[in-house]
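Structure record follows, encoded as structure tokens.
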């Protein structure tokens, strides 16, 4: 069974290829930023625990890519929300880290705030990087 692209609202093959290229620039930006964060141990430097820093980077990149691919909002609104989410998650992770250390590793809720806060921080951060790259490409293409 052959399904035409017009059934999905796509008029021609070039529209599909242009949309695909716009999405790929964000995925490429996420992949490059993931490699940079991993190679330079940036998550550890920013406050993640060395034991699970690699896991946080990889899981955050996977979830961030899914967030980036969701076409829910306009690109500028999506980027703004992702930046706010990343900063809020970073504040929660930092609070969890300080409370966990202050309790001499007894406060499990603070430890979970630290751990899951880092997952949310990197997921929103990587999605924001992908969205920023896509938005920059869109702005470059609209200039005369």
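The values are calculated or read from the model by the stated rules, or taken from the named source; none is laboratory data. Not measured: the values here are computed from a predicted model. Positions of Cβ are generated from backbone atoms using ideal geometry, with glycine treated the same way; all protein chains shown enter the neighbour counts.
Tell me yes or no: at least one residue of the range 69-76 is under 21 Å from residue 37 (Cβ atoms) and assigned to a helix (DSSP H, G or I). Yes, the range 69-76 has at least one match. The single condition among (1) free of Cβ contacts under 8 Å to residues at least 12 places away in the same chain; (2) assigned to a helix (DSSP H, G or I); (3) more than 30 Å from residue 23 (Cα to Cα) that residue 55 does not satisfy is (3). Among the residues in the range 80-91, are any touching a helix residue (DSSP H, G or I) at 6+ places or on another chain (Cβ under 9 Å), at pLDDT 95 or above and more than 23 Å from residue 26 (Cβ to Cβ)? Taking every residue of the range 80-91 in turn, at least one turns out to be touching a helix residue (DSSP H, G or I) at 6+ places or on another chain (Cβ under 9 Å), at pLDDT 95 or above and more than 23 Å from residue 26 (Cβ to Cβ). Taken together, 89, 43 contain a single residue that is touching a residue at least 40 places away in the same chain (Cβ under 8 Å) and closer than 25 Å to residue 133 by Cβ, which is 43. Criterion applied to 40, 16 was being at pLDDT 95 or above, more than 16 Å from the chain's Cα centre (by Cα) and surrounded by fewer than 14 Cβ atoms within 10 Å (Cβ to Cβ), and the one residue passing it is 40. Among the residues making up the range 100-116, those that are part of a helix (DSSP H, G or I) and farther than 13 Å from residue 47 by Cβ are 102, 108, 109, 110, 111, 112, 116. Screening residue 23 with (1) closer than 26 Å to residue 94 by Cα; (2) modelled with pLDDT under 90 gives one miss only, at (1). I'm trying to understand the selection: among the residues of the range 109-144, which are surrounded by fewer than 18 Cβ atoms within 10 Å (Cβ to Cβ), farther than 21 Å from residue 57 by Cβ and modelled with pLDDT of 95 or more? Matches in the range 109-144: 109 only.
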